[in-house]
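One structure below.
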Amino acid sequence: MTGDLSGRRALVTGAASGIGRACAQALAARGARVVIADLDGAAAAEVADALGGESWQVDLSDLDALAGVEIEADIVVNNAGIQTVAPIPEFDPARFRLMLDLMVTAPFLLVRAALPGMYAKGWGRVVNISSVHGLRASAYKSAYVTAKHALEGLSKVTALEGAAHGVTSNCVNPGYVRTPLVEKQIADQARVHGIPESEVVEKVMLTESAIKRLLEPEEVADLVAWLCGPSSGMVTGTSYVMDGGWTAR
């Protein structure tokens, strides 16, 4: 696969760890020059140095600043995200707004900035890291589920507008992935469900999955890399589910 993306420039958000880092590694292995965008500038620089890429320390929730950026990228992978687990009556409205800013409006602004350059080249790939929660809902995740459903809509509109210009746009919809984001919510899940932390993975996270294990970031990254490659030109406006059979129910 090495060389499939030679000469391409890829922007990956939230790429200092987890799924984003795995995606950056997979794209770099295929020849792309990767821009590691993350709030943690030091961690982003470390990953970029290891991959021969560039780092971009950025607060994606600063929408006014983001609206003014210029982006030159053949590939945009919208991956950055956060999670909050709480019942709706207890959900902080400011946190709800922040999560939508980060996971819906920021991807819109990045795609908006990158599309003119993609159109000029007649080629581009947008991959949005959605979730099984872009297609299904779970209790206590009102902001996350709302944001991922909205991201699905943005991705489809991008696909329709970009089709005539050689630009594809797709979502990847994993179930629970072994990442810091998932590890951090175990305590919250235990609290709202009234169970010990040791039982959260089995009784909450994997209860709907037919395959009883967490996804690995590298598995998600392999699919993302294929969607960014030369053989996926007819794949657009769709959602690739990696949920161990969750949505088959």
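No value in this document is a laboratory result; all are computed from the given coordinates. Note that this is a predicted model, so its numbers are computed, not measured. Neighbour counts run over all protein chains shown; Cβ positions are idealised from the backbone, glycine included.
Only DSSP H runs of four or more residues enter the estimate; each adds -39500 (n - 2.57), and after division by the residues of the chain the mean residue ellipticity at 222 nm equals -11500 deg cm²/dmol. Roughly how many whole Å is it from the C-alpha centroid of segment 93-137 to that of segment 197-249? Using only Cα atoms, the two centres lie 18 Å from each other. Computing volume of the Cα convex hull per residue in Å³ for the structure here picks out one of (1) 139; (2) 119; (3) 177, namely (2). Once both labels are positioned 7 Å from their Cα atoms along Cα-to-Cβ, the gap between residue 160 and residue 187 label points is 4.4 nm. Compute the FRET efficiency between residue 95 and residue 46 as 1/(1 + (r/R0)^6), taking r as their Cβ-Cβ distance and R0 = 35 Å, and round to the nearest 0.05. Given R0 = 35 Å and the Cβ-Cβ separation, E is 0.75.
With the simple model of a label 7 Å out from the Cα in the direction of the Cβ, residue 57 to residue 210 spans 4.7 nm. Annotation: amide H-H contacts under 5 Å for residue 36 (H modelled 1.01 Å from N, sequence separation of 5 or more, or interchain): 54, 55, 56.
Calculated FRET efficiency, residue 234 and residue 202, Cβ-Cβ r, R0 45 Å, to nearest 0.05? Walk me through the intermediate numbers first.
Values: r = 39 Å, r/R0 = 0.87.
Plugging the Cβ-Cβ distance into 1/(1 + (r/R0)^6) gives 0.70.
A DSSP coil position with no more than 14 other Cβ atoms inside 10 Å describes the following GluC sites (Glu not before Pro) in segment 41-107: 70, 72.
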